[in-house]
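We did not get these values from a lab; they are worked out from the coordinates using the rules stated. These numbers come from a predicted model, not from an experiment. All Cβ positions, glycine included, derive from the backbone under ideal geometry; neighbour counts span all protein chains shown.
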Amino acid sequence: MLRDFREKDIRKAIIDKAKPRKISKNSPHWKGKIYVGEVFVAKVKIPNDHPRIMRSSKLRFIARDLQLTEDQFNAFVECRLSGTEYYGILNAKGTQGKPDSEGRA
Amino acid sequence: MTAQVNWATTKEWVEATHDQLVFAYAPSILLQQSDLTHVTVGSELAIVWSSLLREAATSGRHTVSVKSLPSGELLLMPLVIELAKENDECLAEVSELELYAFAETEKDAIAEILEDFDDLRREVAGKDETQLGEKARDWKRIIQSHIAQ
């Protein structure tokens with residue numbers, strides 16, 4: 001089950017651990033793109049730097065964007081899951097680009 | 001105008017959305033905005049539509065199919081946006097692309113999700129399959145079914 005988190009803590013975890021390569025700041029919410037190497041694997045909306053608690057109805061979308069289960073997402077924000085471990089999860093999910101005709105990924 | 005349809009609500013939805021939206025209040029019924037003025041009092045369509053509107057207003061769940069982007073670009077296939085009320089906000093979703101937006105009004109939620117659609121489209125455009133993860137490959141394929149790239 002997703003726990004209650006402050007928007008600013010989720011934001012910090014995303015920026016520090018998921019390290020979105022491209023962040024679009026034009027919308028009400030920042031939008032980031034996550035790459036593994038040169039491969040585009042995920043997009044995520046980044047909450048505002050605000051102390052209010054984010055409802056689980058919104059959190060589930062962010063967890064999905066990050067390609068994490070609810071338990072993994074809780075650990076991600078609570079610092080029990082490091083950035084390296086997060087990228088390990090992404091790699092394990094088959095997020096690599098499709099090999100080209102010569103078998104290079 | 002007809003008393004069989006909740007016109008106040010309808011008007012609000014019409015004003016809140018783009019001219020070229022097609023309103024879909026049930027999977028089998030599509031109603032063009034231009035049709036709104038052609039529903040006559042007591043007609044079968046008015047009665048059916050009144051019932052559907054009442055249901056949509058109660059549950060807050062309905063869909064709109066967008067046929068063109070805010071830029072005016074026509075889509076090859078309509079983009080279906082699911083709308084629902086979540087607490088005091090409006091939630092818009094395009095499930096197949098994992099796009100979502102929360103906003104105070106349907107108009108704002110739709111506008112944000114169309115912006116996200118365009119943003120994602122730009123991100124996957126020009127990338128070959130070796131540069132896209134599994135989900136991103138699916139997104140590109142789906143986007144290409146809506147837009148000639």
**Asked** Are there any pairs with C-beta distances below 6 angstrom linking a residue in the range B:127-145 that is touching a residue at least 12 places away in the same chain (Cβ under 8 Å) and more than 7 Å from every other protein chain (Cβ to nearest Cβ) to a residue that is among the acidic types (Asp, Glu) and surrounded by fewer than 17 Cβ atoms within 10 Å (Cβ to Cβ), with the two at least 6 apart or on different chains, and if so which?
**Response** B:Ile142/B:Glu96
**Asked** Any residue at all in the range A:73-82 that is within 13 Å of chain B (Cβ to nearest Cβ) and within 12 Å of the chain's Cα centre (by Cα)?
**Response** no
**Message:** Among the residues that make up the range A:52-68, is at least one of them surrounded by fewer than 21 Cβ atoms within 10 Å (Cβ to Cβ) and over 20 Å from B:Leu91 (Cα atoms)?
**Reply:** no
**Prompt:** Within the range B:76-107, which residues are more than 13 Å from the chain's Cα centre (by Cα) and crowded, with 17+ Cβ neighbours inside 10 Å?
**Reply:** B:Glu89, B:Leu97, B:Glu98, B:Phe102, B:Ala103
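Results for (1) closer than 21 Å to B:Leu114 by Cα; (2) assigned to a helix (DSSP H, G or I); (3) free of Cβ contacts under 8 Å to residues at least 40 places away in the same chain, shown as yes or no for each residue.
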site	(1), (2), (3)
A:Asp16	no, yes, no
A:Ile23	yes, no, yes
A:Lys43	yes, no, yes
A:Phe76	no, yes, no
A:Arg80	no, no, yes
A:Tyr87	no, yes, no
A:Asn91	no, yes, no
**Message:** Considering only residues that are closer than 19 Å to A:Tyr35 by Cα and aliphatic (A, V, I, L, M), which ones fall in the range B:102-147?
**Reply:** B:Leu120, B:Val124, B:Ala125, B:Leu132, B:Ala136
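Would you call B:Glu73 of a type in the set (Asp, Glu) and over 25 Å from A:Leu59 (Cβ atoms)?
Details: of a type in the set (Asp, Glu): yes; over 25 Å from A:Leu59 (Cβ atoms): yes.
So B:Glu73 fits the description; yes.
Collect the residues in the range A:29-41 that are over 14 Å from B:Phe102 (Cβ atoms), within 10 Å of chain B (Cβ to nearest Cβ) and assigned to a strand (DSSP E or B), keeping them in residue-number order.
So in the range A:29-41, the residues over 14 Å from B:Phe102 (Cβ atoms) come out as A:30, A:32-41.
Going one step further and asking which of them are within 10 Å of chain B (Cβ to nearest Cβ), we end up with A:33-41.
Passing the criteria: A:Lys33, A:Ile34, A:Tyr35, A:Val36, A:Val39, A:Phe40, A:Val41.
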**Request:** Could you run through the range B:90-125 and say how many residues are more than 9 Å from every other protein chain (Cβ to nearest Cβ) and under 18 Å from A:Ser56 (Cβ atoms)?
**Result:** 1
**Asked** Which residues, taken from the range A:52-72, are in a helix (DSSP H, G or I) and facing chain B (nearest Cβ under 10 Å)?
**Response** A:Ser57, A:Lys58, A:Arg60, A:Phe61, A:Ile62, A:Arg64, A:Asp65
